[in-house]
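Below is one structure; the comments refer to it alone.
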Amino acid sequence: ASVHGRPLEELYKLANSDHGVIILTDRRNHPARISQYLKNLGWKNRTVWVCENISYPEEKIEKYGLGEIPRKKEYKLCLMIISPACGE
């Protein structure tokens with residue numbers, strides 16, 4: 001899925017999905033905002049990997065629970081990998 005340059009509400013179509021998903025983000029729809037949005041849709045028990053600056057020297061991959069991604073000043077070039085539902 002992608003919210004890069006698109007409204008966050010594009011993710012509503014995932015509301016009832018138990019599958020994993022990869023999401024392309026942007027500065028407005030950053031990982032913390034997306035994570036909280038999905039949690040508000042009822043998603044839970046998901047692991048999220050935030051992949052920043054892939055293939056660049058400052059590459060960073062961090063693992064979080066859904067809704068636990070910290071707000072940073074700025075997220076750049078991110079992919080979110082969200083695990084399938086686990087015991088929902």
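The values are calculated or read from the model by the stated rules, or taken from the named source; none is laboratory data. For clarity, every value in this text was computed on a predicted model and none was experimentally measured. Counting neighbours? That spans all protein chains shown, and the Cβs are built from the backbone with ideal geometry, glycine included. The accessibility values were calculated without ligands, DNA or RNA, using every heavy atom of the protein model including side chains. Shrake-Rupley method; radii C 1.70, N 1.55, O 1.52, S 1.80 Å.
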Failed condition for Y56, given (1) at pLDDT 90 or above; (2) surrounded by fewer than 18 Cβ atoms within 10 Å (Cβ to Cβ); (3) within 21 Å of N16 (Cα to Cα): (3)
- prompt: From the set of residues in the range 1-31 that are in a loop (DSSP other than H, G, I, E, B) and among the hydrophobic types (A, V, I, L, M, F, W, C), which is most open to solvent (accessible area, probe 1.4 Å)?
  reply: A1
Of all residues making up the range 32-53, the number that are crowded, with 20+ Cβ neighbours inside 10 Å, outside any strand (DSSP E or B) and of a type outside the set (D, E, K, R): 4
statement: Looking across the range 59-88 at residues that are among the β-branched types (V, I, T) and touching a residue at least 40 places away in the same chain (Cβ under 8 Å), the single one that is surrounded by the most Cβ atoms within 10 Å (Cβ to Cβ) is I82
query: Taking the range 44-53 as the region of interest, how many residues are under 20 Å from H19 (Cβ atoms) and modelled with pLDDT of 90 or more?
result: 6
